[in-house]
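Heads up: the structure comes next, in structure tokens.
The values are calculated or read from the model by the stated rules, or taken from the named source; none is laboratory data. Fair warning: this is a prediction, and the values are worked out from it, not measured in the lab. Heads up, the Cβs are rebuilt from the backbone with ideal geometry, glycines too, and the neighbour counts pull from every protein chain shown. Ligands, DNA and RNA are excluded from the accessible area calculation, which covers all protein heavy atoms including side chains. Shrake-Rupley method; radii C 1.70, N 1.55, O 1.52, S 1.80 Å.
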Amino acid sequence: MKGLVLAAGEGSRLRPFTYSRPKHLIPLLGKPMVQYPIEDLVSAGVVDIGVVVGYYGDLVRGSLGDGSRLGARLTYITQEKRLGIAHAIYRAVEEGFLDGPFVVYLGDNIVEEGVAGFAREFAENGSDVHILLSEVEDPGRFGVAVLDSGRVVKLVEKPREPVSNLAVVGVYFFRDPELVARAFKDLRPSWRGEYEVTELVQWFVDRGYRVTYSKIKGWWKDVGTYEGLLDAVYMLLDRLRGSVEGEVDGEVRGRAVVEEGAVVEGRVYGPAYIGRGAVVSKGSAVEPYTSLEEGVRASSGRVARSLVMEYSELDLGRARLVDSVLGSRTRVRNTRELHGDIRLVVSDNSLVEI
């Protein structure tokens, strides 16, 4: 089985962060977001993986390379016009990369339990299409599946009226790429101007092909907003195993990762992640559910439930940064000795003085 990871989108809901990079390269606990789906596929024994790129595609290629360091063989397919998930899949068929059973994994999705079990299930059950479903509270944000007597009967993209609470997770298994190409040629763009993957799967349902499903048991995250970034950080930190490879002259409590080259002179309370070359100075504290990415310097103040991207600098004085997302090489300075909580969402290369 081959894999196909989709990483071509612009990530408009994650602006301003995506003005300077694709969302798939936003770091989460020391890895670009897109690395999680690739590692998941490799763990499932899927090592021949196509990566569909478009927006800032050269940056994705430069970050992932040929995939050898991840145990994968990567092939890049360009989607010049971002016309939806179904179109991205068709591009991989059109380029000749997909020539047998394959699994599609959206590059901004993270599935806690992994896909190895579902890959085995698909290989054994003889389905033409196999999808993953997850119960959600806000189905209007997702494509959803309607079931009847254990069968998939209808898929609806972002329904305005509630028809099901079963969101379609961003992992899809297909048996025959030639059938996928035939289905795509029958599709028409949706009101969003995109070829929807829900319509692609519906084509198989309507023509009597075997479309099966599994319900995932653990958490699943579709990272599309900055709140989603924080949720992903929290979820990843929840399964974190502590490890200290950097220098600790201060205090580290609870499950925390302190990467090689990092220095902790202040206090770190897990679950937390301190990236390579990051510095937590004596006058600062990192509180639970925080990720300081590579090269971040926290010289004063406290940080909680936040994602601080590469090489940013925090001089918070007696203030506390909370529920925040800071882009790379951003500087935050508290020049007035203000107290209390601060909440910021700031893009790359910014300066914030309070």
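Identify, please: which residue in segment 47-75 is more than 23 Å from residue 19 (Cβ to Cβ) and among the hydroxyl-bearing types (Ser, Thr, Tyr) and is, among those, least open to solvent (accessible area, probe 1.4 Å)?
Here is the first cut: in segment 47-75, the residues more than 23 Å from residue 19 (Cβ to Cβ) are 47-50, 65-75.
If we keep only those that are among the hydroxyl-bearing types (Ser, Thr, Tyr) too, we end up with 68, 75.
Details: 68: 81, 75: 57 Å².
Within segment 47-75, the match that is least open to solvent (accessible area, probe 1.4 Å) is 75.
Quickly run through segment 45-82 and pick out the residues that are of a type in the set (Lys, Arg) and more than 15 Å from residue 24 (Cβ to Cβ).
Filtering segment 45-82 down to residues of a type in the set (Lys, Arg) leaves 61, 69, 73, 81-82.
Correct list: 69, 73, 81.
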### Query
Does residue 341 fit the bill of being in a loop (DSSP other than H, G, I, E, B), open to solvent by 10 Å² or more (accessible area, probe 1.4 Å) and at pLDDT below 95?
no
### Message
Please determine whether any residue of segment 51-67 is small (Gly, Ala, Ser), more than 26 Å from residue 225 (Cβ to Cβ) and in contact (Cβ under 8 Å) with a residue 60 or more places away in the chain.
### Response
no
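Could you list, in sequence order, all residues of segment 135-154 that are at pLDDT 85 or above, open to solvent by 10 Å² or more (accessible area, probe 1.4 Å) and either in a loop (DSSP other than H, G, I, E, B) or under 24 Å from residue 208 (Cα atoms) (or both)?
Our first condition is that a residue be at pLDDT 85 or above; within segment 135-154, this holds for 135, 144-148, 151-154.
Okay, now just the ones that are also open to solvent by 10 Å² or more (accessible area, probe 1.4 Å), so 135, 146-148, 151, 153-154.
Once the filter is applied, which keeps residues that are at pLDDT 85 or above, open to solvent by 10 Å² or more (accessible area, probe 1.4 Å) and either in a loop (DSSP other than H, G, I, E, B) or under 24 Å from residue 208 (Cα atoms) (or both), segment 135-154 yields 146, 147, 148, 151, 153, 154.
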### Summary
If we ask which residues in segment 155-166 are farther than 22 Å from residue 212 by Cβ and among the acidic types (Asp, Glu), their number turns out to be 1
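Restricting attention to segment 202-220, which residues are of a type in the set (Lys, Arg) and under 23 Å from residue 138 (Cα atoms)?
Quick first cut of segment 202-220, residues of a type in the set (Lys, Arg) only: 207, 210, 215, 217.
Result: 215, 217.
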### Unique match (being of a type in the set (Lys, Arg), open to solvent by 50 Å² or more (accessible area, probe 1.4 Å) and touching a residue at least 60 places away in the same chain (Cβ under 8 Å)) among 241, 255, 318, 276
276
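Take segment 302-315 and flag every residue that is in contact (Cβ under 8 Å) with a residue 60 or more places away in the chain and within 18 Å of residue 350 (Cβ to Cβ). Steps first, answer last, please.
First, pick out the residues of segment 302-315 that are in contact (Cβ under 8 Å) with a residue 60 or more places away in the chain: 305-307, 309-310.
Scanning segment 302-315 gives 306, 307, 309, 310.
Please work out which residue is least open to solvent (accessible area, probe 1.4 Å), limiting yourself to segment 1-16 and to residues that are farther than 25 Å from residue 116 by Cβ and out of contact with any helix residue (DSSP H, G or I) (no Cβ under 8 Å at 6 or more places or on another chain).
Ranking the qualifying residues of segment 1-16, first place goes to 16.
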### Query
Among the residues of segment 175-221, which ones are surrounded by fewer than 14 Cβ atoms within 10 Å (Cβ to Cβ), at pLDDT below 90 and within 30 Å of residue 235 (Cα to Cα)?
217, 218
#### Entry: The lone exception for residue 170 - which of (1) assigned to a helix (DSSP H, G or I); (2) crowded, with 18+ Cβ neighbours inside 10 Å it fails
(1)
### Message
Considering only segment 47-57, I want to know if a residue exists there that is modelled with pLDDT of 95 or more and assigned to a loop (DSSP other than H, G, I, E, B).
### Response
yes
### Query
Of the residues that make up segment 291-301, is at least one under 12 Å from residue 320 (Cβ atoms), without any contact (Cβ under 8 Å) to a residue 40 or more places away in the chain and open to solvent by less than 10 Å² (accessible area, probe 1.4 Å)?
yes
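Okay, residues lined up against (1) touching a helix residue (DSSP H, G or I) at 6+ places or on another chain (Cβ under 8 Å); (2) not charged (D, E, K, R):
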position: 318; (1), (2): no, no
position: 323; (1), (2): yes, no
position: 331; (1), (2): no, no
position: 335; (1), (2): no, yes
position: 346; (1), (2): no, yes
position: 352; (1), (2): no, yes
### Single residue of 229, 307 found to be modelled with pLDDT under 95 and open to solvent by less than 20 Å² (accessible area, probe 1.4 Å)
229
## Note on the structure
Taking first residues from segment 17-46 that are more than 16 Å from residue 6 (Cα to Cα) and open to solvent by 20 Å² or more (accessible area, probe 1.4 Å) and second residues anywhere that are part of a loop (DSSP other than H, G, I, E, B) and of a type in the set (D, E, K, R), the pairs with Cβ under 6 Å that are 6 or more apart or on different chains are 20/348
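Could you list all residues from segment 85-97 that are under 10 Å from residue 8 (Cβ atoms) and either of a type in the set (D, E, K, R) or in contact with a helix residue (DSSP H, G or I) (Cβ under 7 Å, 6 or more places away or on another chain) (or both)? Can you show your working first?
Residues of segment 85-97 that are under 10 Å from residue 8 (Cβ atoms), as a first pass: 85, 87-88, 91.
Answer for segment 85-97, where residues must be under 10 Å from residue 8 (Cβ atoms) and either of a type in the set (D, E, K, R) or in contact with a helix residue (DSSP H, G or I) (Cβ under 7 Å, 6 or more places away or on another chain) (or both): 85, 91.
So, in segment 118-134, how many residues would count as being in a helix (DSSP H, G or I) and either within 25 Å of residue 26 (Cα to Cα) or in contact with a strand residue (DSSP E or B) (Cβ under 7 Å, 6 or more places away or on another chain) (or both)? Steps first, answer last, please.
As a first pass, look at segment 118-134 and keep what is in a helix (DSSP H, G or I): 118-125.
Filter once more, keeping what is either within 25 Å of residue 26 (Cα to Cα) or in contact with a strand residue (DSSP E or B) (Cβ under 7 Å, 6 or more places away or on another chain) (or both): 118-119, 121-122, 125.
Adding up the residues that qualify gives 5.
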